[in-house]
Amino acid sequence: MTGEWLTITIGIILVNNFVLAQFLGICPFLGVSRKLGPAIGMSGAVIFVMTLASIISSLIYTHILNVGLSIPIFGHIFKGNLVFLQTLVFIAVIASLVQIVELALQKLSPPLYSALGVFLPLITTNCAVMGCVLLNATKNRSLIHSTVFGFCASLGFSLALILFASLREKLDLAKVPKSMEGTAIALITAGILAMGFMGFSGLTK
Amino acid sequence: MFELVVLSVGLVVCMGILLGLGIGITARVFEVKQDPRIELVLDALPGANCGGCGLAGCADLAKAIVAGKQTAAKCPVCTSDGASKISEILGTKTGQNVVKNVAIVLCCGDNVNAKSVVGYNGIKDCKSAILVSSGAKGCKYGCLGFGTCAEACPFDAIEITDDGLAVVHSELCVSCGKCINACPKNLIKLVPETVKVHVFCSSPEKAPVKMKVCKVSCIGCRKCVKNAEKNQMLMKGFLAQVNYDDPPPPELVEASGCPTKCLRRTDDH
């Protein structure tokens, strides 16, 4: 049993890393990785949003959307389920969670709030979060499974983001050819990092 | 079908209410006390969000003013009334009165006086029109009259006359400077509103060249320079210009008798 959970955990953090293997959430990965401090803050926010979004959307999916309904409404009887509403419902859940994080951060850590800037509300459209909850829904995972999946996926996102931010801080000191400065070398670094993560592919089946 | 719609809408509405409640409660719990002066300063600012100050909008400027990083004078739109109101809120003095600037199009060559030398049937936009040999007008420094500046103006202060000339209505202009960047010929300048007389020509060419293409160009005869006080009018190459630091009186128009009538009052323009 423990082995099974370990496989899931390592699988999603290292082998199928959301950013470096599945290429989800590239926008904040490139946007907030210039300095380590904001990158850690962003990671914290994403971990919070992604884990909570997984829990809430899993509950909504299994108990409201993916239930065979048979409800009489105004004389008609509705039969079927509401799975087709999943995208709409999930995005609403994610957006409200981001709002809550934003309000809390504004109060608890104003410097971090201004350092994250526009990337904080942009977690709403971070495809890693949306991808995570949609994967949970399509794979029909249980509540605990989706929670672990969401938490580990966000840990993997944070790992990639923090590694990349540290690399970029080092890159600022390095002598980079003029034509490669800035985003160009950052994208090449991201590519090499992704290739490095391919090395983990033998860890799980 | 009907019950499906009712059920979907009902579910989404219920979710919206619940999530909204969640956010509302969080907003209460994590309420951030803002400096109340920011709101007051924001009210005193024009609220056009034109970006003339270089910041992202009036709210940003209000924050910067309260933080002491900027002054109300940074806002080109703000009247002296507004500025003194802001300084009242902050408990500081404005210093000097803010002189309002207005934009002005320094060209009076409309389609009657400055003829086009070739036909132009392209897009009615100055920036497109200059792509081929700087536009169809004979004068390469003349207003094309397609109204790119008028479109850029957020306050509808620029009118294109029937004869195809852009004219700024100074009472509507708030000197945000958007038109200055819009004009591909660089004919628009910000000048103090108190100056009522201008040389409506921007061409640096020699007089014979200008005369061929425009009846109302400045031919550099220096009549206005001679009739004005020292330094009130300046010659820049073949072009007379008003010295906006030491402007001549409006009577100079009659006194000098500009032969091409390109020295005009703003009101007669």
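The values are calculated or read from the model by the stated rules, or taken from the named source; none is laboratory data. Small disclaimer: the values here were computed from a predicted structure and weren't measured. So basically every Cβ, Gly included, is an ideal-geometry build from the backbone, and we count neighbours across all protein chains shown.
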Somewhere in the range B:234-242, is a residue more than 28 Å from B:Cys149 (Cα to Cα), modelled with pLDDT of 85 or more and in a loop (DSSP other than H, G, I, E, B)? no
* Asked: Is it the case that A:Ile64 is facing another protein chain (nearest Cβ under 9 Å) and not in a strand (DSSP E or B)?
  -> yes
A:Leu103 being in a helix (DSSP H, G or I), out of contact with any Ser or Thr (no Cβ under 9 Å at 6 or more places or on another chain) and at pLDDT below 90: no
If you go through A:Ala128, A:Ala53, the only one that is part of a helix (DSSP H, G or I), within 14 Å of chain B (Cβ to nearest Cβ), among the small types (Gly, Ala, Ser) and over 23 Å from A:Glu169 (Cα atoms) is A:Ala53
### Message
Checking the structure you have, find out if any residue of the range A:76-92 is under 30 Å from A:Ala165 (Cα atoms), in contact (Cβ under 8 Å) with a residue 12 or more places away in the chain and touching a helix residue (DSSP H, G or I) at 6+ places or on another chain (Cβ under 9 Å).
### Response
yes
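For A:Arg141, indicate whether it is among the basic types (Lys, Arg), part of a helix (DSSP H, G or I) and either crowded, with 18+ Cβ neighbours inside 10 Å or more than 14 Å from chain B (Cβ to nearest Cβ) (or both). Please lay out each step first, then the result.
Working: among the basic types (Lys, Arg): yes; part of a helix (DSSP H, G or I): no; either crowded, with 18+ Cβ neighbours inside 10 Å or more than 14 Å from chain B (Cβ to nearest Cβ) (or both): yes.
No, not satisfied.
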Considering only strands (runs of 3 or more DSSP E) wholly within the range B:106-224, the ones with at least 2 residues that are over 16 Å from the mean Cα position of the chain (by Cα) and under 26 Å from B:Ser80 (Cβ atoms) are B:197-199
Reported set for the range B:17-55 where residues are at the interface with chain A (Cβ under 7 Å from one of its Cβ atoms), outside any loop (DSSP other than H, G, I, E, B) and not hydroxyl-bearing (Ser, Thr, Tyr) is B:Leu19, B:Gly22, B:Ile23, B:Ala27
A:Gly3: passes all of (1) part of a helix (DSSP H, G or I); (2) crowded, with 16+ Cβ neighbours inside 10 Å; (3) among the small types (Gly, Ala, Ser) but (2)
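When the range A:67-83 is examined, which residues are found to be within 8 Å of chain B (Cβ to nearest Cβ) and of a type outside the set (Gly, Ala, Ser)?
Result: A:Leu69, A:Ile71, A:Ile73, A:Phe74, A:His76, A:Ile77, A:Phe78, A:Leu82.
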For the range B:5-15 the number of residues that are at the interface with chain A (Cβ under 7 Å from one of its Cβ atoms) and closer than 15 Å to A:Ile64 by Cβ is 5
How many residues of the range A:92-123 are crowded, with 18+ Cβ neighbours inside 10 Å, within 20 Å of A:Ser54 (Cα to Cα) and away from chain B (no Cβ under 11 Å)? The answer is 2
When you check A:Ala95 against the structure, is it at pLDDT 85 or above, more than 17 Å from B:Cys14 (Cα to Cα) and not in a loop (DSSP other than H, G, I, E, B), yes or no?
no
